[in-house]
Amino acid sequence: MRGGAVLRGCLVVAALALAVPGWAQTVVKIAFIPSESQAPLFLAEERGFYREQGIKPEFVRLPSGAAILAQVATGQVHAGGGALGAAAYNALHGKQPVAFVAPMHMAYNEDYFVVRKADHDQGRIKQVRDLKGQPCAVNARGVATEWILDDMLRKGGMTIDDIDLKVLPFPDMVVALETGAIRCGIVSEPFASLAEAKGVGLRPFPAPRGQRPVPITMLMWNTDWARGNPKLAQDFMVAFLKAMRVLSDQAVWQDPEIQRVVQKYTRVTPDVLKRSRPPHFDPNLEVDVKVLEGQQEFNLKRGYLKYSQLLPVNQLLDRTYAEAAVKRLGRR
């Protein structure tokens, strides 16, 4: 009898433990697009960094950064990754409950700038200025790729107004380079590497020595959620920072385990991943705010913003949680 009572008591204690919220993992809904640029979100799950912080991630796959922004702002998901394009600036100006809280991936603009290989080989495109008046593509207007194209054209003494701007999805750009429908494009991985593998595209302009990669995507979250769950939001940032630090070493991109994780969430084949130019991740979550200001100004001049005065940097990026996470783990 006594043994049975002890067993029943243990079962009661176990049941109570499961019922206490503090002892269970808390669900955080994380939106993502299938891109290696969002690898920190995936790796934090695969390496157990979320679990260490008592977090159970619930991943939501979405088609674009704009869709992620919309769902974060409405509270359908808690966090996600996306670029600071026109829609994001307008959301921040409109006081929507969304904040960009840390940099995610960075890259060299030259890694996205793909020209038609046939034109390059035949001498028609040897310098950036040779693209004047030619059809060049981005995947959408008012997004980071349009700013990247303008930045690259300025290296040749032009602006985006000096070319015939086309809008095409990334996969279609590979076909358009092959047929000659476009002469250049801002092409995201893995499609830039696919264009090179097929012999239809080329990235002929290397980044200047000493140049730093620029911020492209950012971690964003719903501010109502973060305000109501400050410890959870901070713990999430710690898990994110741990994953960022793993990926900040460029050599890990040849690690089969990292490739397996990226393939699991992006469905990109290992051979393509091996050819791709890996994104860059900062181990201290630092970002060049001047680049963010420049991106905002570009969107303002293009007429994409619903306001006429530039937003201050502290309204573009809330670094409170990122700085606290770095302090907690120590600087690298």
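The values are calculated or read from the model by the stated rules, or taken from the named source; none is laboratory data. These numbers come from a predicted model, not from an experiment. When we count neighbours, we look across all protein chains shown, and the Cβ atoms used for this are built from the backbone with ideal geometry, even at glycine. What goes into the accessible areas is simple: the full protein's heavy atoms, side chains included, and nothing from ligands, DNA or RNA. Shrake-Rupley method; radii C 1.70, N 1.55, O 1.52, S 1.80 Å.
Quick look at the values:
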{"item": "Under the Debye formula (equal points on every Cα, no solvent term), log10 I(q)/I(0) of region 94-150 at q = 0.21 Å⁻¹", "result": "-0.96"}
{"item": "Pairwise label distance in nanometres, residue 260 with residue 124, each label 7 Å out on the Cα-Cβ vector", "result": "4.7"}
{"item": "Solvent-accessible heavy-atom area per residue, rounded to whole Å², over the chain at 1.4 Å", "result": "46"}
{"item": "Student exercise, the chain dipole from Lys, Arg, Asp, Glu Cβ charges, in Debye to nearest 20", "result": "580"}
{"item": "For region 105-162 and region 231-257, distance of Cα centres in Å", "result": "31"}
{"item": "Selection from 133, 109, 78, by position along the positive dipole direction of region 76-148 (Cβ)", "result": "133"}
{"item": "Sulfur and carbon atoms: percent of accessible area, region 259-324 [1.4 Å]", "result": "49"}
{"item": "Farthest positive-ward along the chain dipole, Cα basis, beta-carbon charges - from 216, 204, 165", "result": "216"}
{"item": "For region 55-201, average projected area of the Cα convex hull in nm²", "result": "10.0"}
{"item": "Built amide H within the under 5 Å cut-off of residue 83, gap 5+", "result": "218"}
{"item": "Protection-proxy order for peptides 130-140, 149-159, each taking the mean of Cβ atoms within 10 Å per residue, highest first", "result": "130-140, 149-159"}
{"item": "Long pairs among 95/231; 166/274; 126/306; 231/274; 242/301; 166/264, criterion Cα-Cα beyond 27 Å", "result": "166/274; 126/306; 231/274; 242/301; 166/264"}
{"item": "The chain - Rg over Rh from alpha carbon coordinates, Kirkwood radius", "result": "1.05"}
{"item": "Dipole magnitude of region 35-84 about its Cα centre (Cβ charges: Lys, Arg +1; Asp, Glu -1), debye to nearest 20", "result": "80"}
{"item": "Selected from 49, 195, 259, residue furthest toward positive end of dipole (the chain; charges at beta carbon)", "result": "49"}
{"item": "Magnitude of the charge dipole, region 240-328, Cβ model with Lys/Arg +1 and Asp/Glu -1, debye to 20", "result": "300"}
{"item": "Difference of contour (0.36 nm per residue) and Cα-Cα distance, residue 198 to residue 58", "result": "46.7 nm"}
{"item": "Over region 197-332, volume per residue of the alpha carbon convex hull, in Å³", "result": "183"}
{"item": "Burial ranking of peptide ranges 81-87, 259-265, 173-179, 96-102 (average Cβ count within 10 Å, highest at the top)", "result": "81-87, 96-102, 173-179, 259-265"}
{"item": "Under 14 Å, Cβ to Cβ, from residue 256 - net charge with Lys/Arg +1 and Asp/Glu -1", "result": "-1"}
{"item": "Total formal charge among the other residues, if their Cβ is under 11 angstrom from that of residue 28, Lys/Arg +1 and Asp/Glu -1", "result": "-1"}
{"item": "Estimated 222 nm signal from helices in the chain, with DSSP H stretches of n ≥ 4 weighted -39500 (n - 2.57), rounded to 500", "result": "-12500 deg cm²/dmol"}
{"item": "Mean separation of Cα contacts under 8 Å (6+ apart) over length of the chain, as relative contact order %", "result": "25"}
{"item": "Ratio of Rg to Rh over region 58-133 (Cα coordinates, Kirkwood Rh, two decimals)", "result": "1.19"}
{"item": "Accessible surface of region 146-212 [probe 1.4 Å, protein heavy atoms]: carbon and sulfur percent", "result": "51"}
{"item": "Descending semi-axes in Å of region 161-268, equivalent ellipsoid built from Cα gyration tensor", "result": "34, 19, 16"}
